[in-house]
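Data block below; observations after.
The values are calculated or read from the model by the stated rules, or taken from the named source; none is laboratory data. Values in this document were obtained by computation on a predicted structure and should not be read as measured data. Note: ideal-geometry Cβ built from the backbone for every residue, glycine included; neighbour counts use all protein chains shown.
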Amino acid sequence: SKDKIASYSKTPKIDRNDVGKEMKEKSSMKRKLPFTISPSRNEERDSDTEKEGPEKKKTKKEAGNKKSTPVSILFGYPLSERKQMALLMQMTARDNSPDSTPNHPSQTTPAQKKTPSSSSRQKDKVNKRNERGETPLHMAAIRGDVKQVKELISLGANVNVKDFAGWTPLHEACNVGYYDVAKILIAAGADVNTQGLDDDTPLHDSASSGHRDIVKLLLRHGGNPFQANKHGERPVDVAETEELELLLKREVPLSDDDESYT
């Protein structure tokens, strides 16, 4: 069991662009944009004009150079917007996250000093995050690995966990188009109307990517086709085809597909 969890945690990082080669190019490259973290001109001007000793000036100069480095250069490959937002949110907010902020020794409670049980250690490993906030379940969903998804869930993986950008494993499966993975996640309790970046739901992802069977699956389990995101767009508004739009408007009946999750 420990070996299995360790192997999941060591899963190599997978760029969504690589996974998308198996799916439509539109789905894999959607919402891609250039991403650079750099200080504003006013901040640079303030940094240059402040003279508080050679040591402080040197520190500011080094910090400015570091901020201007594009994330794509740091990682050596282009990143989709999902990955870029995850990295940005990690850089700016991880220190404030209860999950990532270590307790000061003086703040440790007696309960925290107790040796964790084997089951709690196992759950910690199963839900361990990478630098983008993704857990092994996120990665298995992105790959469409049905067997690993089932194993991780049986070991206590959180099916509703969000990465640093706000995406859940169900978002990932619906975005790429892995019907079987989405079905297993929903059976395990995944929230079909959970909101990710810009308040997009799994139904937004599947409708805009043209994944008809997943759209039907989500609708059968309570997916809301009229739930708007931050831009006021609903799944019915972003449907890729007229057929999907009719499905989302409930103008055509949903077929009684097989609901077996085994």
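Scanning region 198-219 turns up one or more residues that are more than 16 Å from GLU172 (Cα to Cα), assigned by TED's automatic domain parsing to the domain that holds CYS174 and more than 18 Å from the chain's Cα centre (by Cα). All of GLN122, GLN195, GLN148 fail the test of being modelled with pLDDT under 95 and surrounded by fewer than 23 Cβ atoms within 10 Å (Cβ to Cβ), apart from GLN122. Looking at region 120-144, which of its residues are β-branched (Val, Ile, Thr) and farther than 23 Å from CYS174 by Cβ? Once the filter is applied, which keeps residues that are β-branched (Val, Ile, Thr) and farther than 23 Å from CYS174 by Cβ, region 120-144 yields nothing.
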